[in-house]
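Enquirer: First the structure, which I've put down as structure tokens, then a few questions once you've had a look.
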Amino acid sequence: MKEHVRRASLAVIFALIVLTYDRAAFSADSATPALLTAAINENALITLAGNTRPEATAANDRGAVADGFAMEHMMLQLRRSPEQEQAFEKYLDELEDRKSPNYHHWLAAQQVGERYGLAEQDLATITNWLKSHGLTVNRVYPNGVVIDFSGNAGEVREAFHTEIHKLEVNGVAHIANMSDPRIPAALAPAVVGIVSLNDFRPRPTNQPRPAYTFSDYPCGITGSPDCYAVVPADLATIYDFNPLFAAGYSGQGQTIVVVEDSDLYNNSTADWTTFRTTFGLASAYPEGSLSQVNPGDCTDPGVNSDDVEAAVDVEWASAAAPNAAIEMASCANTITFGGFIALQNLLNESGTPPAIVSISYGECEAESGAAQNVAFNLLYQQAVAEGVSVFVSSGDEGAASCDAGSTNATHGIGVSGLTSTPYNVSVGGTDFGDSYAGTNSTYWSGSNGAASGSALSYIPEIPWNDSCASGLISSFLGYSTAYGSSGFCNSSRGEEGFLNTVAGSGGPSGCAKGTPTNDGVVSGSCAGWPKPSWQSVLGNPSDGVRDIPDVSLFAANGVWGHYYVVCFSDVSNGGSLCVAAPDTWAGFGGTSFGAPIMAGVQALINQRTGSRQGNPNPSYYALANTEYGTTGSASCNSTLGNGVASSCIFYGVTQGDMDMNCTGTQNCYTPSGTNGVLSTFNSEYLPAYPATTGWSFAAGIGTVNAHNLVMAFGTTGPTPSPTATPKSSASPTATPTGTVKPTPTATRTATATPTPTSTPTGVPKWLNVTPSAGNFGKVKVGKRKSVTLTLSNPAKNGSPIAFGKPMMTVPAASPQVFGFPFSVTNCPARLLPRKKCMLNVEFAPASQGAVSSAVTIYDNAGNANQVIPLQGIGK
């Protein structure tokens, strides 16, 4: 059975009461200016705009709930004065400034309230007003900006002038307010709004591995019978955790809190224990532990359909920091999301707050409501002030977070309000590019190690994208475009299995504040969170708003044959019994894996530095700026795969996109046909969004080399090597590397070329390829014909063009009619200015008729990667 800890005993509750009185005394002494000066007039009301769900429509309305309908633990979000907010922001900046006397001088919740909370007079005015309407004030939080209160629907209607109705949305019953709340105008200077008056919850950001019924094989679109599933040993190999573990950095003395609204399946740690035992973590790292807390003595949620998210988070946080203590903080959903209650209570307890928090839930800004967006922003802001690092999954919907779970994007570009604040690390998602390149055997062993591992090295990465709008998927399956009547998204195969909004999320904050005029669409008075000063790096746009993600990690759910293995025994909720080999266990993807894994990386950073770090983003971006400079890093380009430089802290993801299929008129490019693709302009194909050099909406500053990041954190120079091994009670053993199935030997794929070991001083602008398309004409079945492509560096001087490893690929197919002859190329590893070389491509038709494909050339030029269409006719 799980260890069950209640953080708030009666003694702690008593202490909180005492602290509340202490805060009152302090506030009086410090004379915090009152914001509320006018008398309350119940007939002079203002509307708290932007706080009605788009689903609250007449078509969905099933009538009002009874007046006695209980509404527990509503949260009234308050606002500071502009002067207080400015002072608080200044202090937060000083926390990260090594020259400031406030550097890493973290505050307690009580201090946050004393310095930056509302005046006690204002809090008394608001609580008395709530009580005057029959509502019960459960708690005024020490931070001085949140009040927990309860009541019933009749009391809410009487106080806030909005009715709570029953709704039916897509066959599911819900409740929600039918109009924006209204309050006396005299309270407006201090009140943002009610965090939630509905039961539409943020969604967990995990995606089950789908069954690819359109293929003869179960392992994605390549048609391969072999899956390349990721287990902890693979994670350690691919992202270079092993040197850290060997040096003793595995999470000793660190605690990672994962925030949930469900208990683990069967209220048991059995699956977590099986996961760690099966994959060798329990024996090698015995200090690792798991406990559950209900912060602030909140109601235990029990087991619900989010138990899968809880399993993902506790298992994969432990995979990244196997000697750390994993603490699952969960509260039951009320009218407020249980995860919000859990984190609010954690950050406002009288003891030391957690140093690291992971959240794997999301809800788009334009649907969350203005008050909920502000609430998460201020909650994470308080976390940073207390030295807490908050990691939040970016989402699983590409740039269409208001269309999660839909077959088409219809609301345009939008991001999750839980991940778009300036105070959290937003973690995006990638896939591995070896299946697209046909190089599985280069990166995966043909057999598994003792802990089911078989990854051999770092693997090239592409944005995770399951949609027909993916340029890589459409080209791999023989389509020149994803859009248009002849494009993949309008083909029978595309419509059968690839109309979805499933991809790693990213995009600009667009509706964190204001009110949309179109439900769920960035419109009207919508505005995003302002861009933080530290988010300035090559590739990040000058758009004035917070952009996500910050970093990315592998997150795919199997479209290219790669996914995560999870021990999750709830068979009624998509799980599998963990009694046989791991290849029979449940398979999942989603950015919900990246958040706890990055939290684990941060635990290793905290262990090495000996201190909590608050918001680590300023340090991440400073390191990225050093690595990428003004032109990008040729030697840290992810397409180089196992040829990347050993000094890379981040791997720049530059191939592929996270584009989604769409319909309608919101950011949807549809030149012809029914299904379009998400684009920043309706009239032009500008996909939302491609991977690019440096930072991108598709992958942030890239994925990480965990060892190099941990060792370099706190510096902006080269990665230092560990010089001492910290004391550990366990001696970590070597971690094997991982998949589930042996890898077949690929045929007719590109040969690898050497990868440069030195870093050029700049990135060349262009690689010319002529001809721009390979037309083989008619070739007899059983015969072969080659076309020679000339590759040239037109620059007169400057850096050479560095080719990737592999240098080029054509998509795998059965039969493989396009490929490379024995004498494929005379290109060197680096093509100097004014030099050229040759690349031969071969066509060997297996049947009569026209066929097309493409060859992709990997390099570090400004126009990389080059995709050259191929076509031929078998006769």
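Enquirer: For Ser480, work out the one condition from (1) out of contact with any Cys (no Cβ under 8 Å at 6 or more places or on another chain); (2) part of a helix (DSSP H, G or I); (3) of a type outside the set (D, E, K, R) it doesn't fulfil.
Expert: Checking Ser480 against (1) out of contact with any Cys (no Cβ under 8 Å at 6 or more places or on another chain); (2) part of a helix (DSSP H, G or I); (3) of a type outside the set (D, E, K, R), the one that fails is (2).
Enquirer: Give me the residue from the range 452-477 that is under 23 Å from Pro225 (Cβ atoms), part of a loop (DSSP other than H, G, I, E, B) and in contact with a helix residue (DSSP H, G or I) (Cβ under 6 Å, 6 or more places away or on another chain) and, out of that set, most open to solvent (accessible area, probe 1.4 Å).
Expert: So, considering only residues that are under 23 Å from Pro225 (Cβ atoms), part of a loop (DSSP other than H, G, I, E, B) and in contact with a helix residue (DSSP H, G or I) (Cβ under 6 Å, 6 or more places away or on another chain), the one most open to solvent (accessible area, probe 1.4 Å) is Leu456.
Enquirer: Kindly provide the set of residues from the range 108-130 that are open to solvent by less than 10 Å² (accessible area, probe 1.4 Å) and among the aliphatic types (A, V, I, L, M), ordered by number.
Expert: Within the range 108-130, Ala109, Val112, Leu118, Ala119, Leu123, Ile126, Leu130 qualify.
Enquirer: Quick one: how many residues across the range 765-810 are in a loop (DSSP other than H, G, I, E, B), in contact with a Leu (Cβ under 8 Å, 6 or more places away or on another chain) and farther than 20 Å from Leu640 by Cα?
Expert: Residues meeting the conditions: 2.
Enquirer: On the given criteria, is Ala188 among the aliphatic types (A, V, I, L, M), open to solvent by 10 Å² or more (accessible area, probe 1.4 Å), part of a helix (DSSP H, G or I) and at pLDDT 95 or above?
Expert: Against the criterion (among the aliphatic types (A, V, I, L, M), open to solvent by 10 Å² or more (accessible area, probe 1.4 Å), part of a helix (DSSP H, G or I) and at pLDDT 95 or above), Ala188 qualifies.
Enquirer: Could you run through the range 30-50 and say how many residues are open to solvent by less than 50 Å² (accessible area, probe 1.4 Å) and over 24 Å from Ser368 (Cβ atoms)?
Expert: 5
Enquirer: Restricting attention to the range 404-433, which residues are among the aliphatic types (A, V, I, L, M), in contact with a Pro (Cβ under 8 Å, 6 or more places away or on another chain) and either surrounded by fewer than 24 Cβ atoms within 10 Å (Cβ to Cβ) or within 24 Å of Gly558 (Cβ to Cβ) (or both)?
Expert: Val427
Enquirer: Is the range 165-174 home to any residue that is under 25 Å from Leu35 (Cβ atoms), outside any loop (DSSP other than H, G, I, E, B) and open to solvent by less than 60 Å² (accessible area, probe 1.4 Å)?
Expert: Within the range 165-174, none of the residues are under 25 Å from Leu35 (Cβ atoms), outside any loop (DSSP other than H, G, I, E, B) and open to solvent by less than 60 Å² (accessible area, probe 1.4 Å).
Enquirer: Please tell me if Phe376 is modelled with pLDDT of 95 or more and farther than 30 Å from Leu281 by Cβ.
Expert: Against the criterion (modelled with pLDDT of 95 or more and farther than 30 Å from Leu281 by Cβ), Phe376 qualifies.
Enquirer: Output the residues belonging to the range 480-489 that are over 23 Å from Asn557 (Cα atoms) and buried (at least 22 other Cβ atoms within 10 Å of the Cβ).
Expert: Selection gives Tyr483, Gly487.
Enquirer: OK, next. Report, by residue number, each residue of the range 242-262 that is part of a loop (DSSP other than H, G, I, E, B) and in contact with a Pro (Cβ under 6 Å, 6 or more places away or on another chain).
Expert: Answer for the range 242-262, where residues must be part of a loop (DSSP other than H, G, I, E, B) and in contact with a Pro (Cβ under 6 Å, 6 or more places away or on another chain): Ala247, Gly248, Ser250, Asp261, Ser262.
Enquirer: Consider Arg209 against the criteria (1) modelled with pLDDT of 95 or more; (2) under 23 Å from Asn304 (Cβ atoms); (3) surrounded by 24 or more Cβ atoms within 10 Å (Cβ to Cβ); (4) within 23 Å of the chain's Cα centre (by Cα): it satisfies all of them except one. Which criterion is unmet?
Expert: Only one criterion in (1) modelled with pLDDT of 95 or more; (2) under 23 Å from Asn304 (Cβ atoms); (3) surrounded by 24 or more Cβ atoms within 10 Å (Cβ to Cβ); (4) within 23 Å of the chain's Cα centre (by Cα) is unmet by Arg209, namely (1).
Enquirer: In the range 855-867, how many are in a strand (DSSP E or B) and open to solvent by 10 Å² or more (accessible area, probe 1.4 Å)?
Expert: 2
Enquirer: How many residues are of a type in the set (Ser, Thr, Tyr), closer than 20 Å to Val855 by Cβ and within 25 Å of the chain's Cα centre (by Cα) when one looks only at the range 443-484?
Expert: Matching residues across the range 443-484 total 2.
Enquirer: Being in contact with a strand residue (DSSP E or B) (Cβ under 6 Å, 6 or more places away or on another chain) and surrounded by fewer than 19 Cβ atoms within 10 Å (Cβ to Cβ) is the filter; apply it to the range 72-107 and report the residue that is nearest to Phe149 (Cα to Cα).
Expert: Glu72
The values are calculated or read from the model by the stated rules, or taken from the named source; none is laboratory data. On a predicted model such as this, the values are computed, not experimentally measured, just so you know. Note that we place each Cβ from the backbone using ideal geometry, even for glycine, and neighbour counts take in every protein chain shown. These area figures cover heavy atoms from the full protein model, side chains too; ligands, DNA and RNA do not enter into them. Shrake-Rupley method; radii C 1.70, N 1.55, O 1.52, S 1.80 Å.
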